[in-house]
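All remarks here apply to the structure that follows.
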Amino acid sequence: MATTEFIAAIELGSSKITGVAGRKNSDGSMQVLAYAKEDSSSFIRKGIIYNLDKTAQSLTSIINKLEGDLKNSIAKVYVGIGGQSLRTVRNVVSRDLEEEAIISEELVNAIGDENVAIPEIHIKKNTDCHSHFFRNYHFLHIQAMFHF
């Protein structure tokens, strides 16, 4: 499949994971061309992911279904999760890489460690932090999604 301008939005919910894919219009709206969903009640409850491997498998399956419906690849995927137990903080960790750089597990782990070390000043002191999830990384003009 050739790289295209198709984008996808996926919502991780406590009962299902839902994805839509399409093209962004010039006015900023999205033309939805594909839809997919999968049950998530056995691994996401009240906004907490209890089985990260099943969540990653489901995300991959949703993306594959969307690309199959489009008969084309998806250039970017946006993932959202909500729930009464979830709080998010946006962190940015940057690396300057050579054009032909190899993205090793060591590099990904170093970026993840640096991200976790950023102080969580927007989270109340009595809030428990169950896990840190790394949503996506941008490498030059390439966006890659990693699941941990």
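Can you run down the residue pairs with Cβ atoms below 8 Å, 6 or more apart or on separate chains, where the first is in the stretch 102-115 and free of Cβ contacts under 8 Å to residues at least 60 places away in the same chain and the partner is part of a helix (DSSP H, G or I)?
If the second residue must be part of a helix (DSSP H, G or I), no pairs are left.
Going by the conditions given, is residue 117 farther than 24 Å from residue 36 by Cβ and modelled with pLDDT of 85 or more? Full working, then the answer.
On the way: farther than 24 Å from residue 36 by Cβ: yes; modelled with pLDDT of 85 or more: no.
No.
Out of 73, 40, 58, I need the residue that is among the hydroxyl-bearing types (Ser, Thr, Tyr) and under 14 Å from residue 21 (Cα atoms). Which one?
Answer to the selection: 73.
Just to be sure I understand, how many residues within the stretch 23-69 are touching a residue at least 40 places away in the same chain (Cβ under 8 Å) and farther than 16 Å from residue 80 by Cα?
4
When only residues in the stretch 54-90 that are at pLDDT 85 or above and of a type in the set (Ser, Thr, Tyr) count, which is surrounded by the most Cβ atoms within 10 Å (Cβ to Cβ)?
Taking the stretch 54-90 as the starting set, the residues that turn out to be at pLDDT 85 or above are 54-79.
Then keep just the ones that are of a type in the set (Ser, Thr, Tyr); that gives 55, 58, 60-61, 73, 78.
Working: 55: 20, 58: 22, 60: 12, 61: 14, 73: 13, 78: 14.
Looking at residues that are at pLDDT 85 or above and of a type in the set (Ser, Thr, Tyr), I get 58.
Filter the stretch 20-53 down to the residues that are at pLDDT below 90 and within 16 Å of the chain's Cα centre (by Cα), then identify the one that is surrounded by the most Cβ atoms within 10 Å (Cβ to Cβ).
Restricting to residues being at pLDDT below 90 and within 16 Å of the chain's Cα centre (by Cα), the top hit is 44.
Do we find a residue being charged (D, E, K, R), modelled with pLDDT of 80 or more and farther than 29 Å from residue 40 by Cα anywhere in the stretch 106-113?
So far as the stretch 106-113 goes, yes, one or more of its residues are charged (D, E, K, R), modelled with pLDDT of 80 or more and farther than 29 Å from residue 40 by Cα.
Residue 100: acidic (Asp, Glu), surrounded by fewer than 15 Cβ atoms within 10 Å (Cβ to Cβ), modelled with pLDDT under 90 and not in a loop (DSSP other than H, G, I, E, B), yes or no?
Taking the combined requirement at face value, the residue does not satisfy it.
The values are calculated or read from the model by the stated rules, or taken from the named source; none is laboratory data. All values derive from a computational prediction rather than experimental measurement. When we count neighbours, we look across all protein chains shown, and the Cβ atoms used for this are built from the backbone with ideal geometry, even at glycine.
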